[in-house]
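Working notes, structure below.
The values are calculated or read from the model by the stated rules, or taken from the named source; none is laboratory data. Small disclaimer: the values here were computed from a predicted structure and weren't measured. Quick reminder, even Gly has a Cβ in these numbers, built from the backbone with ideal geometry, and neighbours come from all protein chains shown. Accessible surface areas use protein heavy atoms only, side chains included; no ligands, DNA or RNA. Shrake-Rupley method; radii C 1.70, N 1.55, O 1.52, S 1.80 Å.
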Amino acid sequence: PEYSAFVGTSVTNALMGTPIPLFGHATLTVGGPATNVPVNILVTVNGLQRIVSVVTDAAGDFTTVFTPLANEAGIYTISAVFPGITTASAQGQFNILGMSASPSSAALSMIAGGSVTVSISLNNLSDVPLTGLTATVNGLAANLTANVIMETSYLEGSGALDLSLAVTSSDSSIEQSSFTVQLASVEGVTLNVP
């Protein structure tokens, strides 16, 4: 290649859906800035690679933003390469923090005066541990009570945590309703489970 490039970011950890600023510089093989030339940035997570194309300015510098999909997370590596090159050593990395739930929603049926319990598995989508986990029930009907039980408030990196949701109906005054269990961590990660 006539030139090589380097890419970096000021972001270490970000929440799901957060745009990630990227910046870098291209240098001619013979020395000096590679001005007004195309550079491909390889963004890789969980074996999936995406290419972000940029063009350097008159000083050989470039800036751009990588916008992840709304529900993706993990450890991302970045590399800047000459167009056409598809593999390179990582020049930088960042983490996008997030959780997922399985099942992603729950449909509950019960009789008046009865109760039902459902298990939900939380999964940490990055290698960064999530701490201080809390669960809040929002929008619960007046004739229902709910209790969320978690064994711990710590979710290790790429780990899973089971929680139980116990719902009790006092009467049949409201026959159908919906509510959400909102999970949150000290790191700012939130997840709503309907």
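Given 10 °C and 1.306 mPa s, compute D for segment 65-153 with the Stokes-Einstein relation, Rh being the Kirkwood radius over Cα pairs; round to the nearest whole µm²/s. Numbers along the way, then the final one.
Working: Rh = 17.3 Å.
The diffusion coefficient I find is 92 µm²/s.
Report D for segment 1-79 in µm² per second (integer): Stokes-Einstein, Kirkwood Rh on Cα pairs, 37 °C, 0.692 mPa s.
Numbers: Rh = 13.2 Å.
Value of D from the Cα-based Kirkwood radius: 248 µm²/s.
Figure the gain on full extension for Thr145 and Gln182 (residue separation times 0.36 nm, minus the Cα-Cα span) and round it to one decimal in nm.
Working: separation 37, 0.36 × 37 = 13.32 nm, distance 1.55 nm.
Between Thr145 and Gln182, full extension yields 11.8 nm more.
For the residue pair Thr87 and Asn192, what label-to-label distance in nm results when each label sits 7 Å from Cα along the Cα-to-beta-carbon direction?
So the label points at Thr87 and Asn192 sit 4.4 nm apart.
Treat each spin label as a single point 7 Å out from the Cα along the C-beta direction, and report the Ala166 to Ser10 distance in nm.
Once both label points are built, they end up 4.9 nm from each other.
Could you give the length gained by full extension between Thr27 and Ser158, i.e. 0.36 nm per residue of separation minus their alpha carbon distance, to one decimal place?
Details: separation 131, 0.36 × 131 = 47.16 nm, distance 3.75 nm.
Roughly 43.4 nm would be gained on extension.
Would you mind working out the accessible area per residue for the chain, using a 1.4 Å probe, and quoting it in Å²? Write down the numbers at each step before the final one.
Details: 9900 Å² over 194 residues.
I get 51 Å² per residue for this part.
Using only the C-alpha atoms of the chain, find the volume of their convex hull and express it per residue in Å³.
On the way: hull volume 23.1 nm³, N = 194.
So the per-residue hull volume is 119 Å³.
Please give the FRET efficiency for Ser109 paired with Thr67, using the beta carbon to beta carbon distance and R0 = 41 Å, rounded to the nearest 0.05.
Values: r = 40 Å, r/R0 = 0.98.
Calculated value: 0.55.
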